[in-house]
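Read the structure below first, then the notes.
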Amino acid sequence: MTDDVLTADQIADLKSTVAGLMPGIRADLEALTRIPSISLDAFDQAHVEASAEATAELLRAEGLDVEIVREGGRPAVIGHIDGPAGAPTVMLYAHHDVQPTGSDDLWDSPPFEPTERDGRLYGRGAADDKAGIMAHLAALRAHRGSLPVGVTVFVEGEEEIGSDSLPTILERHGEKLRADAIVLADSTNWAIGEPALTTTLRGLIRVVITVTTLDHGIHSGMFGGAVPDAMMPMVRLLASLHDDSGDVAIEGLRSGVASDLDYDEARLREESGLLDGVDVVGTGSLLTRIWNKPTATVIGIDAPSVATSSNTLVPSVSAKVSIRLAPDEDPQEAWAAVQAHIAKHTPWGAKVEVHLDDQGAGFAADARGPVYDQARAAFTDAWGVEPVDIGVGGSIPFVAAFAERFPEAAILVTGVEDPDARAHGANESLHLGEFQRVCEAEALLLARVGALPR
Ligand SMILES: [Zn+2]
């Protein structure tokens, strides 16, 4: 490319600089991974404090002005360093808290003792998201002494428990975080050797439905047949959430279409553990189904348990339903659609109440413009192949929070994970070869954004 903002020599130099930095990056990643910074209430929060402090120390060593902020939740680390006069500012996000590990028996090596096997580094947080922190450090170190852009680093301490205080942090410290481009390093690449930008995330609403038909439980032999128990209308209501193909049947919910990537049923079965003989449900391409269409999943039911049940017409039952939303859906409009659906589909005049338990907006990037072009070029420099645009079927509340707070910024959702990373599961791991590409790409991205004409 003759009109590229970097020369081939500049690209090669930066890649070799990053390669030379990797042993130190790896050592610091292992040290961070040894801190069991589980943000869930039931765990010792001293470790989350320690991981915030360790992160702050790493940033201070690169010359950033660093503070640890708390707005009613876990400690977040904010660091800043100016770039050349007039240069754009890039904000780099990651989180230093981790998920619980579950039973240690499920791990092949202790979760907080980082261990390398077959080119992967195993440990809770080794990928999600302490590798995200270290990718940012790698980019800073690669440009030590001559940063091409201003850099703000924001490392959250409660992503794994829902980022509850993030809106307050953005409200009170938002000016410090303002940037022209935001890199959120907490997603995944498409496959080993195939980088990706995550351009859509689904939103979510979660509702609790209670159906009541009787003012008290009664003998099922005396009245059953004429008097409906509460489960009878409830199962019909829940069944009405899907059509015969398995698509969500709630009228008025939006659907989108995924980008055209190869993803076949065999891979879906393999990755999800779907049993032989069990059908795949829904319509449209598989990626459209898991990234761009709504879902409705009954995730809990309060009713007598099998063990303690008696021969009674149950007067009242409740169900919690998690509804994932198309990336561009408005959660409030979805909530109205769900309420209308429930009112229409609860049979026999049963009393039904529904309340909104949780909601979060999705994300649909307009992934065009100079920063996206430079990001794609940086990925291509690092991997030798162009990145693909992917969706993620889950919801990452902080992405929508940043998009709302900084509508003018280009938001890049990148990641250190690959399909075998098992973030949140036992034997979480980081592919070390891919991690070096991630670090190279981020260092190159800063150079490229800094070299944009202004
Ligand atoms: Zn994460």
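The values are calculated or read from the model by the stated rules, or taken from the named source; none is laboratory data. Being a predicted model, the structure only gives us computed values, none of them experimental. Please note: Cβ atoms are built from the backbone with ideal geometry, for glycine as well, and neighbour counts cover all protein chains shown.
Here are some notes:
- Condition check for GLU442: within 16 Å of the ligand (Cβ to nearest atom), under 20 Å from the mean Cα position of the chain (by Cα) and charged (D, E, K, R): no
- Identity of the residue in region 145-168, in contact with an Asp or Glu (Cβ under 7 Å, 6 or more places away or on another chain) and not in a helix (DSSP H, G or I), that ends up farthest from the ligand (Cβ to nearest atom): GLY150
- Condition met for THR414 (more than 16 Å from the ligand (Cβ to nearest atom), hydroxyl-bearing (Ser, Thr, Tyr) and at negative phi): no
- Taken as a whole, region 98-105 holds at least one residue that is within 13 Å of the ligand (Cβ to nearest atom), in a loop (DSSP other than H, G, I, E, B) and touching a strand residue (DSSP E or B) at 6+ places or on another chain (Cβ under 9 Å).
- Subset of region 330-371 (residues that are of a type in the set (Gly, Ala, Ser), closer than 25 Å to LEU412 by Cβ and surrounded by fewer than 13 Cβ atoms within 10 Å (Cβ to Cβ)): GLY369
- Here LYS320 meets each of (1) charged (D, E, K, R); (2) free of Cβ contacts under 8 Å to residues at least 24 places away in the same chain; (3) surrounded by fewer than 17 Cβ atoms within 10 Å (Cβ to Cβ) with one exception, condition (2).
- Complete set of residues in region 37-53 that are in a loop (DSSP other than H, G, I, E, B) and either crowded, with 20+ Cβ neighbours inside 10 Å or among the aliphatic types (A, V, I, L, M) (or both): SER37, SER39, LEU40, ALA42
- All positions within region 106-129 that are within 16 Å of the ligand (Cβ to nearest atom) and surrounded by fewer than 17 Cβ atoms within 10 Å (Cβ to Cβ): none
- Considering the conditions (1) in a loop (DSSP other than H, G, I, E, B); (2) under 24 Å from the mean Cα position of the chain (by Cα), GLY63 is excluded by exactly one of them, (2).
- Within region 270-294, being in a helix (DSSP H, G or I) and under 30 Å from PRO331 (Cα atoms) holds for GLU271, SER272, LEU286, LEU287, THR288, ARG289, ILE290, TRP291, ASN292.
- Any hit, region 260-277, residues being of a type outside the set (S, T, N, Q) and in contact with a Ser or Thr (Cβ under 6 Å, 6 or more places away or on another chain): no
- Evaluation of GLU113 against (1) at pLDDT 95 or above; (2) within 20 Å of the chain's Cα centre (by Cα); (3) part of a loop (DSSP other than H, G, I, E, B) (one fails), failing number: (2)
- In the condition set (1) within 16 Å of the ligand (Cβ to nearest atom); (2) aliphatic (A, V, I, L, M); (3) crowded, with 24+ Cβ neighbours inside 10 Å, LEU137 is compliant with all but (1).
- Selected residue [touching a Gly at 6+ places or on another chain (Cβ under 8 Å), in contact (Cβ under 8 Å) with a residue 12 or more places away in the chain and either closer than 25 Å to LEU445 by Cβ or among the small types (Gly, Ala, Ser) (or both)] from LEU59, LEU14: LEU59
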